[in-house]
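Here the structure comes first, spelled out in structure tokens, and everything after it is commentary.
The values are calculated or read from the model by the stated rules, or taken from the named source; none is laboratory data. Bear in mind the structure is a predicted one, so any value in this text is a computation, not a measurement. Glycine also receives a Cβ, built like all others from the backbone with ideal geometry; neighbour counts cover every protein chain displayed.
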Amino acid sequence: MKKIVASILTINLTLSGCSAFVSKTETVSASCSEQDATLQINGDIFKGSGQAEVKKGRKVAVMCTKPGYFPAQKSIDYSLSGTAVADIIGTFIFLLPGIGLFTDGAWSLDDTNVNMVMVSNGKQL
């Protein structure tokens, strides 16, 4: 009987909190409509386009700037991932999968490919 309980506990511990074992980051690709514009993804600076590795459980700020153009900005939100939903369901059966819900692996970004359209402000430089 003890071996059965030990086996169940071992399986429970290895399968619980799957979100805790999922990658905590995601790659965001962004580009500005003006190739020589300055692109920022969460403070990382690129010229025209770029990719940044960001945490999944945080909002992501994307901005394009260029003299003579209005700044183009976007905020990328996040939501529960499919793995997190499985953790929620698993929490009702075994308590431990809920641990994964407190990690960034439980989230996914709502958008990972951003194309920013810049509009001229009408001022010639």
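Collect the residues in segment 112-123 that are free of Cβ contacts under 8 Å to residues at least 60 places away in the same chain and either of a type in the set (A, V, I, L, M, F, W, C) or under 17 Å from Val28 (Cα atoms) (or both), keeping them in residue-number order. Walk me through it before giving the result.
Quick first cut of segment 112-123, residues free of Cβ contacts under 8 Å to residues at least 60 places away in the same chain only: 119-123.
Across segment 112-123, the qualifying residue is only Val119.
Condition test on Asp104, is it of a type in the set (D, E, K, R) and either touching a Pro at 6+ places or on another chain (Cβ under 7 Å) or at pLDDT below 75 (or both)? Talk me through it step by step, then tell me what you get.
Values: of a type in the set (D, E, K, R): yes; either touching a Pro at 6+ places or on another chain (Cβ under 7 Å) or at pLDDT below 75 (or both): yes.
Considered against the rule, which asks whether it is of a type in the set (D, E, K, R) and either touching a Pro at 6+ places or on another chain (Cβ under 7 Å) or at pLDDT below 75 (or both), Asp104 comes out as yes.
Return the residue satisfying two criteria in turn: it lies in segment 77-97 and is outside any helix (DSSP H, G or I) and among the hydroxyl-bearing types (Ser, Thr, Tyr), and of such residues it is modelled with the lowest pLDDT.
Of all residues in segment 77-97, those outside any helix (DSSP H, G or I) come to 77-81, 94-95.
With among the hydroxyl-bearing types (Ser, Thr, Tyr) added as a condition, the list becomes 78-79, 81.
Details: Tyr78: 90, Ser79: 86, Ser81: 80.
Looking at the filtered set, the residue picked out is Ser81.
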